[in-house]
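Step one of this worksheet: look at the structure below.
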Amino acid sequence: MNESTSQLIYTLQLADNALILGHRISEWCGHGPVLEQDIALTNTALDHLGQARSFYQHAAEQFNLMPVEVKKQQFVSPALQQKIDKGESLDEDDLAYLRDGWDFRNVLLVEQPNKDWAYTVVRSFFADVFNFYFYKELQKSKDAALAAIAEKSLKEVTYHLRWSSEWMIRLGDGTEESHERMQTALNERWAYSGELFEMSAADKAMAEAGIGVDVATIKPLWDAHVDGILQEATLEKPANKWMQSGGKDGRHSEHLGYILAELQFMQRAYPNMEW
Amino acid sequence: MTVHSFQQHFDEKIDNDVAIEPRDWMPDDYRKTLIRQISQHAHSEIVGMLPEGNWITRAPSLRRKAVLLAKVQDEGGHGLYLYSAAETLGITRDEMYDQLHTGKAKYSSIFNYPTLTWADMGAIGWLVDGAAIMNQVPLCRTSYGPYARAMVRVCKEESFHQRQGYEIMMALANGTDVQKKLAQDALNRWWWPSIMMFGPPDDNSPNTAQSMRWRIKRFTNDELRQKFIDVTVEQAKLIGLTVPDPDLKWNEERGHYDYGAIDWTEFWDVVKGNGPCNKERLETRKKAWEEGAWVRDAALAYSKKRKARKENKKDNLAA
Ligand SMILES: [Fe+2]
Ligand SMILES: [Fe+2]
Ligand SMILES: [Fe+2]
């Protein structure tokens, strides 16, 4: 993998995480337990979507600068291959709507179903703690575009982190039932927290180039924050050490296929149209 | 003051366009009518989140998705302002929800129609939000202060929604054959329900006179409907869509469009609960509410615990 390919994949990893998490959260819109929270969560979905768009736009710019032979090697999807053959440039929508599942690089965590409010809060909490420290570091990226997106996103992520931390505590230390539900969700989702800190080939190359973040450095910060909140929430840190992985390499859970079937439906059914 | 003079004082305010505020004396019927109207409006906003929410995960571009999400979120915000306005009249939000869930309170029938294609997002914004604006702009000067103030905020956002919806329709109407077909099909399905949003015709609208007297209403249903039709027919022409009414004709003398007979049996059927989505909409709201019960209970329990802990701390410091 050369550096431009690594940088493209790296940017797509970030875009995909934001898009898929935003997609999941947006499923709550109109169905929240309290109207105020419905609105708050939709706001968060919008933040993630906005971040995804910035990353996809940046990825598209990088892609469009590649020589055609390199372009052809990036994505398997026939829809994208056709566009490349015709010499068309790609945009944010092509990357979100026309890539197939195995070219998505998001972590498995973000594609996991909402289930109930507890599962949703736990998933967001894991991601928010990570994003908070991650974007802090990414602000120093040598890629000015990535640094700028990180800076803008950090403000949003700071709010997300406060929101999910508060809900962890509120529900963990709420009623017996909410405590039970939170502990279950925490135990069930714990196995998806490890992948956040796995270094993909693109992660390694970009960290070395000063463009990306060495996520290993984030792990102790993540642990400390999570431990603190769990303690306040009277929740127990799960003991299991087994971690699921594969998303960053394009090996996903069954859930992603259904997400993409919905997300991509219009562009796949009515190709090459302006909306 | 005697009841009589309370009434006189109230009437004077109404006549002089002085806003009635929560602490002012008001006739019981005025209060009841307002609670019914405002809560019905609030319910419409939150039930209205569902048909459009239906397309958030399927929006055809990231930009459209963001706009749609923001729109549906706005509707939630409208619900919030309106529930708060209704609460100033002495009813709680939980009571209002209960009325919605038991079918005692109504919401706008338009949301009992299904959103079958992406073009419905355009048609709803253009027609439904458009009709809502016609209905609501006069309410910015309605006699009850908190309601009028809520409506000022709501109307600003509704006109934004209307433009976004029209923009979606315009993009489709300028698009490929299938996109044009999507747009026309959506207009065909949403036209009649939209013009029914103004309510029954004036000769069959028993509450209109009293509501006009109280300045809760400023124009009659038929006046608003006519205004909407006049504006919207021109907008349809502009993008090459055909309004599905063969009797639609410009009437030079009246300076308005004449339009065909509205099928009021359909309207009353949907109001009575027999629309295509009445059951789904209500079930969805109830499910969200019931499944959220443990979350609300926990939030309440936690805030009580926190308060108790704080007081404990204070006591300890004092001792
Ligand atoms: Fe609204
Ligand atoms: Fe409205
Ligand atoms: Fe609206």
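When segment A:29-47 is filtered for residues that are assigned to a helix (DSSP H, G or I) and under 20 Å from B:D94 (Cβ atoms), the ones remaining, listed by number, are A:L35, A:E36, A:Q37, A:D38, A:I39, A:A40. Cβ-Cβ distances below 8 Å connect the following pairs, each with a first residue in segment B:14-43 that is in contact (Cβ under 8 Å) with a residue 12 or more places away in the chain and within 14 Å of another protein chain (Cβ to nearest Cβ), a second residue that is within 16 Å of ligand 2 (Cβ to nearest atom) and among the aromatic types (F, W, Y), and a separation of six or more residues or different chains: B:S39/B:Y83; B:A42/B:Y83; B:H43/B:Y107. Within segment B:71-100, residues that are at positive phi and away from ligand 2 (no atom under 13 Å from the Cβ) reach partners that are modelled with pLDDT of 95 or more and part of a helix (DSSP H, G or I) with beta carbons closer than 9 Å, at six or more positions or on different chains, in the pairs B:G90/B:R31; B:G90/B:I35.
Taking helices (runs of 4 or more DSSP H) that do not extend beyond segment B:261-319, which have at least 2 residues that are within 13 Å of chain A (Cβ to nearest Cβ) and farther than 29 Å from B:G199 by Cα?
On the way: elements: B:264-269, B:278-291, B:293-318.
Per the criteria, B:278-291, B:293-318.
Scanning segment B:131-142 for residues that are touching a residue at least 40 places away in the same chain (Cβ under 8 Å) and either within 16 Å of ligand 3 (Cβ to nearest atom) or surrounded by fewer than 22 Cβ atoms within 10 Å (Cβ to Cβ) (or both) yields a total of 7.
State which residue is nearest to ligand 3 (Cβ to nearest atom) when the search covers only segment B:143-180 and only residues that are in contact with a Lys or Arg (Cβ under 8 Å, 6 or more places away or on another chain) and either in a loop (DSSP other than H, G, I, E, B) or within 14 Å of chain A (Cβ to nearest Cβ) (or both). Restricting to residues being in contact with a Lys or Arg (Cβ under 8 Å, 6 or more places away or on another chain) and either in a loop (DSSP other than H, G, I, E, B) or within 14 Å of chain A (Cβ to nearest Cβ) (or both), the top hit is B:Q164.
Apart from one condition, B:L89 fits all of (1) surrounded by 22 or more Cβ atoms within 10 Å (Cβ to Cβ); (2) over 16 Å from the mean Cα position of the chain (by Cα); (3) more than 12 Å from chain A (Cβ to nearest Cβ); the exception is (1). Listed by position, the helices (runs of 4 or more DSSP H) contained in segment B:1-115 that have at least 1 residues being away from ligand 3 (no atom under 16 Å from the Cβ) are B:3-15, B:28-47, B:62-87, B:93-101. May I ask you to list the residues in segment B:125-137 that are within 11 Å of ligand 1 (Cβ to nearest atom) and β-branched (V, I, T)? Listed by number, the residues that qualify are B:V128, B:I133.
The values are calculated or read from the model by the stated rules, or taken from the named source; none is laboratory data. Quantities reported herein were computed from a predicted structural model and do not represent experimental measurements. Every residue, glycine among them, receives a Cβ derived from its backbone with ideal geometry; neighbour counts consider all protein chains shown.
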